[in-house]
Amino acid sequence: MPDPIRLAKHVAELAQCSRTDAEQYIKGGWVSVEGRVVEDPAHPVTTEAVVIDPAAKLEAVEPATILLHKPAGYDAISGRNPAAALVRPDARWADDPSGVRLLERHFHRLTPLVPLDADASGLMVLTQDGRVWRRLTEDGDQIEQEFVVEVSGEIAPYGLRKLNHGLHYNGRALPPCKVSWQNEIRLRFALKGVQGGQLRDMCAQVGLEVVSIRRLRIGKVALAKMPAGAWRYLPVGERF
């Protein structure tokens, strides 16, 4: 049996291309070994069947940003029950409109951003992209988030006005925000710089008990109809 060689070397010989181009084909998920896509240029091969996808393109692999519909009960940023564990290939939303090709490397070194209470559900962001990280951390307090909050109880007099402006949290006056009734039991909040536990506390201050919280939007990016536990890619051109 011949000695093993790097997959990149074998692909370079097959495609009659440079080693650099061969590595790009492999990292782009265009090369399969015995019918299984391999993204590691250093993967050793001997007599295995190596196939280059006829549609292969020499294009850089962009870092991924993933949008997850976090179910209630999962920890967004840190904790014993991380929502990041839900981001698996088989959980990709069947109606993902991004057009991004799924690659194994997209699931490595994902950083969760924009905190969301463990008992809340809704839109969550995980990224490999430094540009997205900077946008959602350095400018995070300037990006509006939208929530729908189901409540029970009877709102205090002038309660809706107070929710919009006039409450305090953690000893500080809250800036004005936009709160309106979606229906008899649901309030829609649109606010910036939201803190952990803030929505629940705001509701309590006007006599309401929170039943559930769901984040619908971060900036211009919406949860849409993606079901709980599913994820999709943030496509090129979609900005927060």
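Structure notes:
- Pairs meeting the criteria (first residue in segment 100-114 and in a loop (DSSP other than H, G, I, E, B), second residue of a type in the set (D, E), beta carbons under 7 Å, at least 6 apart or on different chains) are L103/E39.
- Any hit, segment 137-144, residues being crowded, with 20+ Cβ neighbours inside 10 Å and either touching a residue at least 40 places away in the same chain (Cβ under 8 Å) or closer than 17 Å to A72 by Cα (or both): no
- Selection within segment 72-89 - buried (at least 17 other Cβ atoms within 10 Å of the Cβ) and in contact (Cβ under 8 Å) with a residue 60 or more places away in the chain: L86, V87
- Per the listing R80, R19, the residue uniquely under 30 Å from L123 (Cβ atoms) and of a type in the set (D, E, K, R) is R80.
- Of all residues in segment 14-23 being part of a loop (DSSP other than H, G, I, E, B) and not small (G, A, S), the one that is surrounded by the fewest Cβ atoms within 10 Å (Cβ to Cβ): Q16
- Restricted to segment 31-49, and to residues there that are closer than 23 Å to H108 by Cβ and of a type in the set (A, V, I, L, M), the residue that is surrounded by the most Cβ atoms within 10 Å (Cβ to Cβ) is V31.
- Condition check for A94: surrounded by 14 or more Cβ atoms within 10 Å (Cβ to Cβ) and in a loop (DSSP other than H, G, I, E, B): no
Let's see how each residue does on (1) more than 31 Å from the chain's Cα centre (by Cα); (2) of a type in the set (A, V, I, L, M, F, W, C); (3) not assigned by TED's automatic domain parsing to the domain that holds I77:
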site	(1), (2), (3)
I155	yes, yes, yes
Y158	yes, no, yes
G166	yes, no, yes
N170	no, no, yes
P175	no, no, yes
K178	no, no, yes
L187	no, yes, yes
R200	no, no, yes
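- The condition (being at pLDDT 90 or above, touching a helix residue (DSSP H, G or I) at 6+ places or on another chain (Cβ under 8 Å), of a type outside the set (G, A, S) and under 23 Å from A222 (Cβ atoms)) is satisfied by just one residue among L102, L7: L102.
- When the residues of segment 50-66 are filtered to those that are in contact with a strand residue (DSSP E or B) (Cβ under 9 Å, 6 or more places away or on another chain) and small (G, A, S), the one that is surrounded by the fewest Cβ atoms within 10 Å (Cβ to Cβ) is A56.
- Restricting attention to segment 184-240, the residues that are within 11 Å of V151 (Cβ to Cβ), surrounded by 17 or more Cβ atoms within 10 Å (Cβ to Cβ) and aliphatic (A, V, I, L, M) add up to 7.
- Filter pass, V11 being part of a strand (DSSP E or B), aliphatic (A, V, I, L, M) and either under 23 Å from P89 (Cα atoms) or not assigned by TED's automatic domain parsing to the domain that holds L103 (or both): no
- Test result for I26, surrounded by 15 or more Cβ atoms within 10 Å (Cβ to Cβ), aliphatic (A, V, I, L, M) and part of a strand (DSSP E or B): no
The values are calculated or read from the model by the stated rules, or taken from the named source; none is laboratory data. What you are looking at is a predicted structure, and each value in this text was computed from that prediction instead of being measured. As a convention, Cβ positions derive from the backbone with ideal geometry for all residues, glycine included, and neighbour counts pool all protein chains shown.
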